[in-house]
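**Student:** Quick one: this structure, given as C-alpha cells, is what I'll be asking you about.
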C-alpha cells in the first residue's frame, strides 16, 4: 500500500547521498551499497503509474533525484498527488 505524499524513498536517498559527501563517515562502503540497491530498485518503474522501464528510459525528478517518471504527465500527476511533500531539494 502506498500513501501519496508519504514515500520514504526521496528522503532516504537524500540522506544516503549526504552521508557520502563526508569522507570521514565510517560506514561509507555500506552506504554506497545501500544507495545503489535503492536506486536500482526504484528506477525501473514509473513512480506514478508503476509502468516498467523496459527498453525506454525513465526521466528522473531533477529536484530530489529520488523519483523516476515515464513522461511529463506522470510527473505532474505524481507531484499533485503528494510528491511535493516528499521531494527534498538538493544543493
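**Student:** Only one of the values [x] 41, 29, 26; [y] 36, 28, 22; [z] 58, 34, 30 was calculated from this structure for Cα extents along the principal axes in Å; name its label.
**Tutor:** For Cα extents along the principal axes in Å, the calculated option is [x].
**Student:** At a 10 Å Cβ-Cβ cut-off, how would you order 72, 18, fewest neighbours first?
**Tutor:** Values: 72 9, 18 14.
Result, fewest neighbours first: 72, 18.
**Student:** Between residue 53 and residue 15, what length in nm is gained on full extension when 0.36 nm per residue of separation is reduced by their alpha carbon distance?
**Tutor:** Result for the pair: 11.1 nm of gain on full extension.
**Student:** Treating the angle as unsigned and between 0 and 90°, give the value, to the nearest 10°, between the Cα long axis of helix 9-21 and the longest Cα principal axis of the chain.
**Tutor:** Approximately 30 degrees, to the nearest ten.
**Student:** Over the Cα atoms of the stretch 1-51, how large are the radius of gyration and the largest Cα-Cα distance (Dmax), in Å?
**Tutor:** 12.9, 40
**Student:** In whole percent, what relative contact order does the chain give with Cα contacts below 8 Å and a gap of six or more residues?
**Tutor:** RCO, the chain: 36 percent.
**Student:** Moving to a separate point now. Helix 28-42 versus the longest principal axis of the chain: what angle, 0 to 90°, nearest 10, using Cα atoms?
**Tutor:** Once rounded, one gets 10 degrees.
**Student:** If you don't mind, another one. Grab the DSSP H runs of the chain that are 4 residues or longer, score each as -39,500 (n - 2.57), total them, divide by all residues and round the 222 nm result to the nearest 500 deg cm²/dmol.
**Tutor:** Estimated from H runs of four or more residues: -12000 deg cm²/dmol.
Values quoted throughout were computed directly from the atomic coordinates according to the rules given, and no laboratory measurement underlies them. Not measured: the values here are computed from a predicted model. Ideal geometry is used to build each Cβ from the backbone, glycine not excepted, and the neighbour counts take in all protein chains shown.
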